[in-house]
Amino acid sequence: MVILSVLLVMALGVACAPVEEEDPVEAEEPEEEPEEEPEPEEPDDPVELRFGVASDATNLDPRLATDVASANVTNLVYAGLLKWDDDTLEIEPYVAKEIEIPDDTTYIFHLHEGIKFHDGEELTAEDVKYTYDTFRDPDFGARNIAFYEPIDEIVVVDDYTVKFEMEEPNAPFLYYLAPGIVPKHHIEEHGEGVLETEPMGAGPYVFKEWVPNDRVVLEAHDDYFQGRSEIDTIILRPIPEVTTKLIELETGGVHAIDGIPPEEVERLREEPEVEVTVRPGTGFNYYSYHHGQEPFDDVRMRQAFAYGMDMEEKVDHVWYGIRDVAYSPIIPTSWAHNPDVRRFGHEPERAKELMEEAGYGDGLTIDFKHSEGEVTREHVEIAQHQLADIGMDLDVHEQEWGAHYDDILEGRFEAYTMGWSGQTDPDRGVYRQFHTDNWAPAGANRQLYSNERVDELLVLARTNVDMDVREEKYHEIQEILAEEQSYTYISYYVTKAAHRPEVQNYAGRCGYFYTWELKDATLAE
């Protein structure tokens, strides 16, 4: 391995011309005129960018945060061992500068030297080990613990080299090394919960302030190892109401927003003060059910729910044809997507038959929860109307995002709606959501789904490096999940972001990465 280093040297020199001596008799000492003091240069005003986001963060520790709102912050505050390429979403080095894979179960990472946390301490292999040891510690409570269970041991070779030994081959493993590295020394000094509200990493921006439901303030990290960002301050403002968010964008209250209503896309494209970005997404939204209690412990009731809705009509109405109806947790752009799974069309009579068979022929009321937001509210209202026709009355509770998230993790629901972003590798789209070992609140299987065959297939798919074998397993997984309707899928995401023209070198990323490109953005006058 060759390590190249560059030494930059600036030399400042001052040259003086010789001065002739005057005749000491004839010359009189001239009076020296006082030199004018140069006026101090006025410092440039800090460059501040305001970003309107759909909801407030819930947890700023990258090991515990699993929602987009929190990722908007953690992506900028922390630096991960690896990262996803801005355009292709392929994995590439970040804090690690080189990766060695001597065999199917060994990964050796060589780190950049001199990376500084925001308190000035150096990031080393000890911090990497600490981060991922806590990720896989059941007592810590990381909700993505399933990603790290295959790790057998993490060994610090030296300050800048760390080795991961796996229990068995794990094909998607590298995709799970993007979360930010946390500072071991800081946590040991201040306590394990310190990062949840006061994050500190080695990323391009330093956390300054979090006023819940009002703002998160970040400032550029002067010693960021990939170069200081040009924008001095980023303010993330939660604005749940889309109409308000659009007004703020168009009037300059914010410079960029993380989502726009589909019906506004064409209008905004005509606005001279707004630039619109539409990109394929990496996720989907869905309805799901509490499998551990009546009525949705019965698969017939979940199927009845699916048959009771006209999803094509709903998606066309709510998203104006921009999105496609979803039917699988593995997105269509993935090599593992199965387009041939069972799809549930709008069959209200079949839904009523299933409800009768399950013992609910007289109808019932469902405790249904969703988070704030105009688009979410609209598609839930359509579901409420359509399901009433088959005797399912949704008792709808709209909640602030944090309260909603807590209720779902703690099982305080009968049915709910949410979404998943960043489903890049197929394992990421199914393992944590459907394996029995990943039940909430510790895991992301929030609906408490369990199927022995699915568990077996999930393990086989992630431990085999043969792409053909993995594809076969994922196809079968999708077929079972479609039949059992653990999720009833709504639509595949399309990223619709918008910003003002003065925001340059920023195109808007898919869901989980809305703010990531801000590290390279500039703000023109």
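Specify the residue that is surrounded by the most Cβ atoms within 10 Å (Cβ to Cβ); the eligible residues are those in segment 122-138 that are hydrophobic (A, V, I, L, M, F, W, C) and over 12 Å from TYR224 (Cα atoms).
Here is the first cut: in segment 122-138, the ones hydrophobic (A, V, I, L, M, F, W, C) are 123, 125, 128, 135.
Retained after the next criterion (residues that are over 12 Å from TYR224 (Cα atoms)): 125, 128, 135.
Details: ALA125: 20, VAL128: 26, PHE135: 22.
Checking each candidate, the answer is VAL128.
Look through GLU263, GLU275, GLU349, GLU271 and report the one residue that is acidic (Asp, Glu) and at pLDDT 95 or above. Steps first, answer last, please.
Working: GLU263 fails: at pLDDT 95 or above; GLU275 fails: at pLDDT 95 or above; GLU271 fails: at pLDDT 95 or above.
None of the other options fit; the residue is GLU349.
ILE154 versus (1) closer than 30 Å to ALA256 by Cα; (2) crowded, with 18+ Cβ neighbours inside 10 Å: which is the lone unmet condition?
Of everything listed in (1) closer than 30 Å to ALA256 by Cα; (2) crowded, with 18+ Cβ neighbours inside 10 Å, ILE154 misses just condition (1).
Would you be able to say whether some residue in segment 433-448 is under 19 Å from the mean Cα position of the chain (by Cα), assigned by TED's automatic domain parsing to the domain that holds TYR487 and of a type in the set (Phe, Trp, Tyr)?
no
Just to be sure I understand the filter: pairs with C-beta atoms under 9 Å, separated by 6 or more residues or on different chains, first member in segment 224-246 and at positive phi, second member buried (at least 22 other Cβ atoms within 10 Å of the Cβ) and part of a loop (DSSP other than H, G, I, E, B). Which pairs pass?
If the second residue must be buried (at least 22 other Cβ atoms within 10 Å of the Cβ) and part of a loop (DSSP other than H, G, I, E, B), the pairs left are GLY227/PRO204.
Please work out which one of (1) more than 32 Å from the chain's Cα centre (by Cα); (2) exposed (fewer than 14 other Cβ atoms within 10 Å of the Cβ) is the condition ASP395 fails and give its number.
The number of the failed condition is (1).
Taking segment 104-121 as the region of interest, how many residues are more than 26 Å from the chain's Cα centre (by Cα), surrounded by 15 or more Cβ atoms within 10 Å (Cβ to Cβ) and within 16 Å of GLY201 (Cα to Cα)?
Here the count works out to 1.
What's the number of the only condition in (1) modelled with pLDDT of 95 or more; (2) not assigned by TED's automatic domain parsing to the domain that holds ASP298 that GLU484 fails to meet?
With (1) modelled with pLDDT of 95 or more; (2) not assigned by TED's automatic domain parsing to the domain that holds ASP298 applied to GLU484, the lone miss is (2).
Can you name the condition, by its number, that LYS519 falls short on among (1) more than 24 Å from ARG63 (Cβ to Cβ); (2) within 25 Å of the chain's Cα centre (by Cα); (3) part of a helix (DSSP H, G or I); (4) basic (Lys, Arg)?
(1)
Of the residues that sit in segment 222-256 and are of a type in the set (Val, Ile, Thr) and farther than 19 Å from TYR205 by Cα, which one is nearest to the chain's Cα centre (by Cα)? Outline the logic, then answer.
So the first thing to find is which residues in segment 222-256 are of a type in the set (Val, Ile, Thr), and the list is 231, 233-235, 239, 242-244, 247, 251, 254.
Applying the additional criterion that residues be farther than 19 Å from TYR205 by Cα yields 239, 242-244, 247, 251.
Details: ILE239: 18, VAL242: 20, THR243: 24, THR244: 23, ILE247: 25, THR251: 28 Å.
Checked segment 222-256; the qualifying residue nearest to the chain's Cα centre (by Cα) is ILE239.
For (1) closer than 23 Å to GLY402 by Cα; (2) surrounded by fewer than 21 Cβ atoms within 10 Å (Cβ to Cβ); (3) in contact with a helix residue (DSSP H, G or I) (Cβ under 9 Å, 6 or more places away or on another chain), each residue gets a yes or a no:
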site	(1), (2), (3)
PRO212	yes, yes, yes
SER229	no, no, yes
ILE235	yes, yes, no
GLU266	no, yes, no
GLY283	yes, no, yes
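Go through (1) modelled with pLDDT under 90; (2) crowded, with 22+ Cβ neighbours inside 10 Å for ASP466 and report which single condition fails.
(2)
Filter segment 297-316 down to residues that are more than 30 Å from the chain's Cα centre (by Cα) and assigned to a helix (DSSP H, G or I) and give me whichever is surrounded by the fewest Cβ atoms within 10 Å (Cβ to Cβ).
VAL299
Which residues, taken from segment 153-170, are within 18 Å of ASP104 (Cβ to Cβ) and in contact (Cβ under 8 Å) with a residue 40 or more places away in the chain? Can you show your working first?
So in segment 153-170, the residues within 18 Å of ASP104 (Cβ to Cβ) come out as 153-155, 163-170.
Scanning segment 153-170 gives LYS163, PHE164, GLU165, MET166, GLU167, GLU168, PRO169, ASN170.
Taking segment 377-391 as the region of interest, how many residues are more than 13 Å from LYS314 (Cβ to Cβ), of a type in the set (Gly, Ala, Ser) and surrounded by 17 or more Cβ atoms within 10 Å (Cβ to Cβ)?
The qualifying residues number 1.
Hey, among the residues in segment 290-331 that are among the β-branched types (Val, Ile, Thr) and either free of Cβ contacts under 8 Å to residues at least 40 places away in the same chain or touching a helix residue (DSSP H, G or I) at 6+ places or on another chain (Cβ under 8 Å) (or both), which one's farthest from LEU409 (Cα to Cα)? Before you say what the answer is, go through the steps one by one.
Initially, segment 290-331 is screened for residues among the β-branched types (Val, Ile, Thr), giving 299, 315, 318, 322, 325, 330-331.
Checking the rest, the ones that are also either free of Cβ contacts under 8 Å to residues at least 40 places away in the same chain or touching a helix residue (DSSP H, G or I) at 6+ places or on another chain (Cβ under 8 Å) (or both) come to 299, 318, 322, 325, 330-331.
Details: VAL299: 21, VAL318: 27, ILE322: 31, VAL325: 26, ILE330: 22, ILE331: 24 Å.
That would be ILE322.
Answer with yes or no whether ILE101 is assigned to a strand (DSSP E or B), surrounded by fewer than 23 Cβ atoms within 10 Å (Cβ to Cβ) and in contact (Cβ under 8 Å) with a residue 12 or more places away in the chain. Spell out the reasoning first.
Working: assigned to a strand (DSSP E or B): yes; surrounded by fewer than 23 Cβ atoms within 10 Å (Cβ to Cβ): yes; in contact (Cβ under 8 Å) with a residue 12 or more places away in the chain: no.
No.
The values are calculated or read from the model by the stated rules, or taken from the named source; none is laboratory data. Here the structure is a predicted model, which means the values were calculated and not measured. We place every Cβ from the backbone using ideal geometry, glycine too, and count neighbours over all the protein chains shown.
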